[in-house]
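Contents: one structure, followed by commentary.
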Amino acid sequence: MATATASSLSLLFAHPHSSNPRPFAGGSHLRRPLRAAPHRARCASDAATTATKHRRPAEENIREEAARLRGPGNDFSAWYVPFPPTPEDDPDERYSLDEVVYRSSSGGLLDVCHDMEALARFPGSYWRDLFDSRVGRTAWPYGSGVWSKKEFVLPEIDSDHIVSLFEGNSNLFWAERLGREHLGGMTDLWVKHCGISHTGSFKDLGMTVLVSQVNRLRRAPLSRPINGVGCASTGDTSAALSAYCAAAGIPAIVFLPADRISLQQLIQPIANGATVLSLDTDFDGCMRLIREVTAELPIYLANSLNSLRLEGQKTAAIEILQQFDWQVPDWVIVPGGNLGNIYAFYKGFEMCRVLGLVDRVPRLVCAQAANANPLYRFYKSGWTDFQPRVAETTFASAIQIGDPVSVDRAVVALKATDGIVEEATEEELMDAMSLADRTGMFACPHTGVALAALFKLRDQRIIGPNDRTVVVSTAHGLKFTQSKIDYHDRSIKDMLCQYANPPINVKADFASVMDVLQNKLNGKI
Ligand SMILES: Cc1ncc(COP(=O)(O)O)c(C=O)c1O
Ligand SMILES: N[C@@H](CCOP(=O)(O)O)C(=O)O
């Protein structure tokens with residue numbers, strides 16, 4: 001494993017060995033030349049946002065309206081660089097986002113690097129105001145929580161190529177009762193409901209970006225021969241990929257570990273018309289196969305090994321800052337599996353810090369199921385010994401991953417934020433999820449993992465009662481109802497299920513009903 005050395009994204013934005021004082025800023029065939037700095041901060045997207053005061057003509061749709069209103073292009077750009085940057089790397093190694101490339105020349109990961117100098121010509125206040133002005137609108141494509149931050153995501157894509165289902169802008173839920181009653185009087189506890197979304201998980205945020213770029217590549221003038229988009233999945237990536245591909249008319253191919261994902265997840269790609277291969281292996285086995293297959297066939301890889309995905313996912317971090325009026329929370333807790341998302345959160349926060357939208361980043365916590373905890377073990381070894389493992393069955397089935405592709409990214413994120421890795425047993429995660437449900441949520445088991453980590457960190461007094469803390473809820477509880485049914489049925493072997501609330505079977509007569517209700521009201525049952 002490559003050692004993570006970068007402690008700040010700024011190292012990505014300016015290569016350590018580059019002698020160019022304006023890193024990647026000039027002379028490249030990958031980007032248009034920079035314009036002279038405008039004295040007033042305006043960009044094309046801005047014009048589209050502000051010019052929609054009048055209702056568009058009935059014969060025009062929102063894409064066409066956006067095209068009509070589009071002003072001159074902006075000069076922001078982005079490209080792939082090796083990740084993390086090491087002194088051994090060729091400082092000139094970079095790739096256009098229009099290339100189909102997932103790995104650096106040394107076989108390492110890639111990251112999307114933005115032209116920070118161009119973005120930094122505008123003060124943080126400009127970006128805050130611009131992003132705030134777009135929230136809740138329908139102006140294409142800014143009604144999406146991802147594309148409302150287009151300049152920080154895929155600045156060069158034509159809005160007409162974007163495949164968006166108006167994802168993002170998810171609820172930041174004040175978990176008042178959970179914090180007050182069950183977490184030692186926590187006053188400032190929040191749950192970012194990334195799973196209350198089009199396909200029921202945070203994957204929509206990344207998939208809109210990836211499928212939009214594929215759409216751009218397939219269409220003229222690039223006209224790349226990409227016949228389909230494929231992924232390995234524990235159920236959520238496949239659902240998001242299938243939905244976005246279906247919306248764009250692009251074939252989707254998904255590799256699923258047989259009998260290891262929920263029925264609700266399985267039916268999503270089936271319903272969206274994807275080619276679904278159910279394979280007799282675990283997620284890590286599916287991941288190995290999809291990598292081999294995409295190296296042979298003109299199928300574009302949609303897993304988070306592909307760093308485009310993380311550009312969309314990072315907008316959840318920016319959205320959290322925005323929802324707090326650009327104040328930075330103290331802690332953000334993220335459940336981790338393949339480990340792309342923890343890095344995406346870091347990148348979103350760090351980009352806002354570097355560009356002056358905020359002045360610091362929160363401490364990150366990555367929470368893993370004890371049955372699938374390679375990162376936790378690595379952390380506990382003092383980051384000295386990473387061992388992939390065979391992940392055991394967990395109710396948090398979407399993070400049943402033993403050989404995460406983004407482990408290097410996670411290490412960078414955690415080291416840079418003085419982060420922590422925690423784990424949760426099956427009982428801890430199911431209890432945490434069920435307790436949260438009892439305070440008005442309908443959490444998924446992965447959110448249960450993050451909540452269980454919070455319980456532990458509160459017990460250890462690492463997180464204080466007044467610390468502003470955000471737990472990232474990654475999927476909708478309705479995708480994982482069987483685990484809740486088993487819990488409330490007390491049918492889970494060796495689990496007390498202390499918050500189970502099974503239905504009471506009552507004879508359908510007045511006296512029996514009254515009897516039960518009186519016992520209930522008197523606290524006897
Ligand atoms: C619901 C859910 N939560 C958390 C995760 C973990 O995200 P990551 O793989 O980016 O660590 C996943 C996917 O792995 C997921 O589907
Ligand atoms: N939980 C994921 C696992 C794959 O992660 P990815 O982010 O690399 O696509 C899933 O839902 O498939």
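The values are calculated or read from the model by the stated rules, or taken from the named source; none is laboratory data. Everything quoted here is computed from the prediction, not taken from an experiment. Here Cβ is always computed from backbone atoms with ideal geometry, including for glycine, and neighbour counts include all displayed protein chains. These area figures cover heavy atoms from the full protein model, side chains too; ligands, DNA and RNA do not enter into them. Shrake-Rupley method; radii C 1.70, N 1.55, O 1.52, S 1.80 Å.
Annotations for the structure displayed:
- Cross-link partners of LYS203 among aspartates and glutamates, defined as those whose alpha carbon lies under 14 angstrom from its own and excluding same-chain residues fewer than eight positions apart: GLU167, ASP236, GLU311.
- Percentage, to the nearest whole number, of Cα pairs in region 227-297 over 18 Å apart: 29 percent
- Per the Debye formula on identical point scatterers at the alpha carbon atoms of the chain, with no solvent, log10 I(q)/I(0) at q = 0.12 Å⁻¹ is -1.12.
- In a reduced charge model with +1 at each Lys and Arg Cβ and -1 at each Asp and Glu Cβ, region 227-297 shows a dipole moment near 160 debye about its Cα centre.
- Within the accessible area of region 262-417 (1.4 Å probe), percent carbon and sulfur: 49 percent
- Distance between region 317-346 and region 66-136 - C-alpha centres, whole angstrom: 19 Å
- Spacing of the modelled spin labels on ASP330 and ARG121, each 7 Å from Cα toward Cβ, amounts to 4.1 nm.
- Expected 222 nm ellipticity per residue - DSSP helices of 4 or more, -39500 (n - 2.57), all of the chain, to 500: -10500 deg cm²/dmol
- Amide H contacts of ALA475: GLY195, CYS444, THR447, each under 5 Å away and 5 or more positions distant or on a separate chain (H built 1.01 Å from N in the peptide plane; Pro and chain starts excluded).
- More than 28 angstrom apart: percent of Cα pairs within region 379-516: 31 percent
- Cβ charges +1 (Lys, Arg) and -1 (Asp, Glu), total dipole of the chain, debye: 1220 debye
- Between the helical axis of 124-134 and the longest alpha-carbon principal axis of the chain there is an angle of about 70 degrees.
- Share of carbon and sulfur in the accessible area of region 421-525 stands at 54%, probe radius 1.4 Å.
- Farthest positive-ward along the chain dipole, Cα basis, beta-carbon charges - from TYR95, ILE320, LEU279: ILE320
- Shape class of region 335-444 from the Cα gyration tensor (axes a ≥ b ≥ c, square roots of the eigenvalues): oblate, since a/c reaches 1.5 or more and a/b does not exceed b/c.
- Top positive-direction residue, dipole computed over the chain with Cβ charges, set GLY168, THR481, PHE510: GLY168
- Long-range amide H partners of CYS113 with built H, under 5 Å: TRP79, TYR80, VAL81
- Unit charges on C-beta of K, R, D, E only; dipole of region 287-428, Debye: 400 debye
- Solvent-accessible area per residue for the chain (1.4 angstrom probe, square angstrom): 40 Å²
- Above-threshold pairs, the threshold being 29 Å between Cα atoms, out of LYS484/LYS507; LYS347/LYS484; LYS456/LYS493; LYS493/LYS520; LYS192/LYS524: LYS347/LYS484; LYS192/LYS524
- Cα long-axis angle, helix 510-521 against the chain (0 to 90 degrees, to the nearest 10): 70 degrees
- To the nearest ten degrees, helix 445-459 and the longest principal axis of the Cα atoms of the chain are 80 degrees apart.
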